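The values are calculated or read from the model by the stated rules, or taken from the named source; none is laboratory data. Just so we're clear, the structure is a prediction, and the values are computed from it rather than from any experiment. Methodologically, a virtual Cβ is constructed for each residue, glycine included, from the backbone with ideal geometry; neighbour enumeration extends over all protein chains shown. For the accessible areas, the whole protein counts, side chains as well, though only heavy atoms, and no ligand, DNA or RNA atoms are used. Shrake-Rupley method; radii C 1.70, N 1.55, O 1.52, S 1.80 Å.
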Amino acid sequence: MKHCGTQLLETERLILRRYELKDAGALYRNWASDKEVTKYLTWPTHTSQAVSQHVMEDWVSQYSKEDCYHWAIVWKGNGDEPIGDIAVVDMKEKTAMAHIGYCIGRPWWHKGITAEALKAVMDFLFDVVEVRRIEARHDPRNPDSGKVMEKCGMKYEGTLHSADWNNQGICDACYYALLKSER
């Protein structure tokens, strides 16, 4: 893989950019404090803006690493304020695999924004970083997340039973993936 770190990406409606420390308020306000957004995620709902500030400091510090791929999702219709998050949450060098995780604030659900962001990140990872496999997973009780993956060409590979954990406890994990050779 050819690591180059988080680069600015732009789509018709979105800007995917690096986080800045000033984004902690938007992180807290737009998605991290919402129990409906974090219901199926692996990190807890933020209980205060101070928690979001601490998380933001950690995220920003990671940008010094060339293999850090973590974007704030900014909807052009919303100024420069992040409305969601998308990142490579796991990477395997030997197989050139990237596992992507994402979430978006509830006011922006069902608008195609998450799929638009995922497609841009997938294109970047395949074309620039030279990843060979991109995968993602979701709790089967959150089928809308699987629909995002399918919209981006990912194929359902199977469900691992009681193999994952999220804020609902131990759960099944539905895996989707796309190989660069299948595009």
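Worth pointing out:
- Filter pass, Leu9 being surrounded by 14 or more Cβ atoms within 10 Å (Cβ to Cβ), touching a helix residue (DSSP H, G or I) at 6+ places or on another chain (Cβ under 7 Å) and among the aliphatic types (A, V, I, L, M): yes
- Of the candidates Asp34, Asp80, Asp144, Asp85, the single residue that is within 15 Å of Arg18 (Cα to Cα) and either open to solvent by 70 Å² or more (accessible area, probe 1.4 Å) or out of contact with any strand residue (DSSP E or B) (no Cβ under 7 Å at 6 or more places or on another chain) (or both) is Asp80.
- Members of segment 126-161 that are assigned to a strand (DSSP E or B), within 26 Å of His46 (Cα to Cα) and of a type in the set (D, E, K, R): Arg137
- Among residues of segment 167-183 that are in a strand (DSSP E or B), those with a beta-carbon under 7 Å from a residue that is among the polar types (S, T, N, Q) and open to solvent by 80 Å² or more (accessible area, probe 1.4 Å) at least six positions away or on a different chain give the pairs Ile170/Ser162; Asp172/Ser162.
- Check on Val74, more than 25 Å from Trp165 (Cα to Cα), open to solvent by less than 50 Å² (accessible area, probe 1.4 Å), touching a residue at least 40 places away in the same chain (Cβ under 8 Å) and not in a strand (DSSP E or B): no
- Residues satisfying the criterion are absent from segment 109-117 (criterion: surrounded by fewer than 17 Cβ atoms within 10 Å (Cβ to Cβ), in contact (Cβ under 8 Å) with a residue 60 or more places away in the chain and assigned to a helix (DSSP H, G or I)).
- When each of Asp123, Asp164, Asp90 is tested for being within 23 Å of Tyr63 (Cα to Cα), open to solvent by less than 80 Å² (accessible area, probe 1.4 Å) and in a strand (DSSP E or B), the lone residue that passes is Asp90.
- Checking segment 39-48 against the condition returns no match, with no residue being assigned to a helix (DSSP H, G or I) and more than 16 Å from the chain's Cα centre (by Cα).
- Criterion applied to Ala117, Ala173, Ala177, Ala136 was being under 20 Å from Arg13 (Cα atoms) and touching a strand residue (DSSP E or B) at 6+ places or on another chain (Cβ under 8 Å), and the one residue passing it is Ala117.
- Pick from segment 97-108, criterion of a type in the set (Gly, Ala, Ser) and surrounded by 19 or more Cβ atoms within 10 Å (Cβ to Cβ), ranking: farthest from Ala32 (Cα to Cα): Ala98
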